[in-house]
Amino acid sequence: MLRFFSKSRSLGVIVAWVAGLAVTTAPAAEGTVFQATRPMHLIAPSSPGGILDLTCRILGKTLSEQIGQPVVVDNAPGAGGIIGVQNMLRAPADGYTLVMGSLGPNAANYALHDKLPYKPGDLAPITQVLSMPNVLVVNPKLPVHTVAELIAYAKSKPQGLSMAVSTSGSSGHLSGALIKQRTGIAAVDVIYRGAAPALNDLVGGQVDFMVDNLITSLPLVQAGKLRPIAVTTKTRAPELPDVPTMAESGYPDFDVSVWIGLFVSSKTPPDVVQALNVSVNKALADPALRKRLAEQGGTVIGGSTEQFDAFVRAETARWGQIIKDGNIKAGD
């Protein structure tokens, strides 16, 4: 889930409600599983190596065992997730093609773009798959170890700093935009077509810092190739117990997490949507899958289509307001 507490009372009520919705893993829905007779396709609207790609591959392996058919991961990077959603919508609405959605293409894009080739009603939610923290990381050669030192360092550079962005409109992009707003850091966005190329440039020193999903940054942090200086969630990440939160770094109302989940075309028959929900929840209940995602910083969510639909609607409204209030643009 992606959360940022606003001073608006009404917005705060939404945030609190959404937070309560996602903190508990919902039980798997009861009913008939998806009866697959040919391979299923999971579209990851990102390049290989990002959170969407990695989660698709982890889930796809277990889901394949559940439905008795191969689950093929198709990467469709670009345009802030728009290409991946379009590819899913072009496929037959029979349940065999799903897209791994997230904050950008399924909530923020409606406010970031004046025109989109799809609308919320074109998509049917299956279930939320997981949530996890974002982490603010820097190149180890940068002489900063805290948020305060990053601010001071940025102020010492007349030309400002550079911030890698894995995808326009992604959780990392919006988290970074909020950090820049709250701290006053001057930094130009360098937008990539996925986390892997962005992280490669960050490790190589071509850019200064990045706000990234924990799942993709953690191995580089553990290898000493990146330095974490803050996590964006309200509490510290168990995988990085010594890294403070943004709240502990002087921004007490900062609380941001990542969410991703599966969607199909809204033209898909309701009984097929429900069968997919049952099958995906069954896969998400697998202990080996849950352990693997937990090791990479993810918390499995699951639950009904109705729960995920309500969650996405709330996220769309909340981030639409944040984007409007902060005048955040798709290329910022």
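Compared with the dominant Cα axis of the chain, that is its longest principal axis, helix 305-326 is turned about 30°. Put in line by how crowded their Cβ is, counting other Cβ atoms within 10 Å and starting with the fewest, T62, T232 read T62, T232.
Applying a DSSP loop filter and a limit of 13 other Cβ atoms within 10 Å to the trypsin sites (Lys or Arg not before Pro) in region 297-332 leaves K329. Summing -39500 (n - 2.57) over the DSSP H runs of n ≥ 4 in the chain and dividing by its residue number, what mean residue ellipticity at 222 nm do you reach, to the nearest 500 deg cm²/dmol? After summing the helix terms and dividing by the residues of the chain, the value is -12000 deg cm²/dmol.
Structure shown: which of K141/K291; K157/K234; K115/K324 lie over 26 Å apart, alpha-carbon to alpha-carbon? Long pairs (Cα-Cα over 26 Å): K141/K291; K157/K234.
With the cut-off at 17 Å, report for region 133-231 the share of all Cα pairs above it, as a whole percent.
Working: 2009 of 4851 pairs.
Result: 41 percent of Cα pairs exceed 17 Å.
Phi angles of region 179-192 translate, via the Karplus equation with coefficients 6.51, -1.76, 1.60 and θ = phi - 60°, into HN-Hα couplings of 4, 5, 4, 6, 9, x, 5, 8, 8, 7, 7, 10, 9, 10 Hz per residue; Gly and Pro are given as x. Note that the chain shows a convex hull volume over its alpha carbon atoms of 117 Å³ per residue. Angle of helix 195-204 to the longest C-alpha principal axis of the chain, folded into 0 to 90 degrees and rounded to 10: 20°.
Whole-Hz Karplus values for region 231-248 come out as 9, 8, 7, 5, 10, 5, 7, x, 6, 10, x, 8, 9, x, 7, 4, 4, 5 Hz, taken residue by residue from phi with 6.51 cos²θ - 1.76 cosθ + 1.60 and θ = phi - 60°; glycine and proline positions read x.
None of the figures in this text is laboratory data; all of them are computed from the coordinates on show. Note that this is a predicted model, so its numbers are computed, not measured. Don't worry about glycine lacking a Cβ; one is built from the backbone with ideal geometry, like all the others, and counts go over all protein chains shown.
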